[in-house]
Amino acid sequence: MRQGWRWQLRIAAAALALAASAWGATGEGCSAQETTCAATPIQFAGAPANQREIWKVIAEGLQARGIADAEIPEVAALDYSAAAGVPAQAALELTRTEWDAVRHTLDFRLRCVRHAECIPFLVRTRVGESQATRFAAIFAPLNAAARHTPLAGQATSSGDLLVKTGQQATLIWEQSGIRIRLPVVCLEAGARGQQIRVRTQTGARNLRGEVLRSGVLRAVL
């Protein structure tokens, strides 16, 4: 029973870490059932995941895409701030690598192999001009395909769009009885099932969401 409470506390801390990441290290005092984030400072406790272990998972993912060892960012070049709620001993996996053409960053989306141990989180690194073209050529086409390919049987005409560019919407993340609702602005239009980019209303973070219904998206991390 005590072990079960420990897992719940870890998930709750990780959920707050996601909120902090999205809001630029701000959130609100929340219940374990549902969180709507606002601008109240929050703090975290506990040992974060080992940075080198996170880096190793990312490095293996880049190597699988043909990135040479010399091109892989060093451990210290990554921003691990969103991994604050990840347990130090958790086994991790890389689920997605994205190229941000505006910021010139590579965004790595990771999660715990045992999903109850943490929520998905993002690690980011800035890319220099000398490598930007190569990384963009590898990852930009993959990102575009994931964003704009609807599920089987779904229409994509303008009449089927449930969110439009510039529209205010709600982004929902939910796991193990914990729900986070973030007010966001859609950066792309989308039909049901499509993944689009959104931005928190403070402008602190760009996130990705799957369109569920009009004005509502599910976080894709």
Do we have T125 as modelled with pLDDT of 90 or more and touching a Pro at 6+ places or on another chain (Cβ under 6 Å) here? yes
What is the residue count in the stretch 82-114 for residues that are crowded, with 19+ Cβ neighbours inside 10 Å and out of contact with any strand residue (DSSP E or B) (no Cβ under 7 Å at 6 or more places or on another chain)? 2
Cβ pairs under 9 Å, 6+ apart or interchain, first in the stretch 97-125 and closer than 14 Å to R205 by Cα, second among the acidic types (D, E) and modelled with pLDDT of 90 or more, ordered by first then second residue, are D100/D107; T105/D79; L122/D79; L122/D107; V123/D79; V123/D107; R124/D79; R124/D107
Criterion: modelled with pLDDT of 85 or more, of a type outside the set (S, T, Y) and either surrounded by fewer than 18 Cβ atoms within 10 Å (Cβ to Cβ) or assigned by TED's automatic domain parsing to the domain that holds R65 (or both) - qualifying residue of G203, G193: G193
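Looking at the stretch 41-50, is at least one residue closer than 18 Å to L92 by Cα, at pLDDT below 90 and touching a helix residue (DSSP H, G or I) at 6+ places or on another chain (Cβ under 6 Å)? Outline the logic, then answer.
From the stretch 41-50, those closer than 18 Å to L92 by Cα are 46-50; that's our starting set.
Imposing the further condition that a residue be at pLDDT below 90 reduces the set to 46-50.
Pick out the ones that are also touching a helix residue (DSSP H, G or I) at 6+ places or on another chain (Cβ under 6 Å) and you get 48-49.
Within the stretch 41-50, one or more residues are closer than 18 Å to L92 by Cα, at pLDDT below 90 and touching a helix residue (DSSP H, G or I) at 6+ places or on another chain (Cβ under 6 Å).
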Among the residues in the stretch 166-179, are any at pLDDT 90 or above, in contact with a helix residue (DSSP H, G or I) (Cβ under 6 Å, 6 or more places away or on another chain) and among the polar types (S, T, N, Q)? no
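The values are calculated or read from the model by the stated rules, or taken from the named source; none is laboratory data. Source: prediction; values computed, not measured. Reconstructed Cβ throughout: ideal geometry from the backbone, glycine too, with neighbour counts over all protein chains shown.
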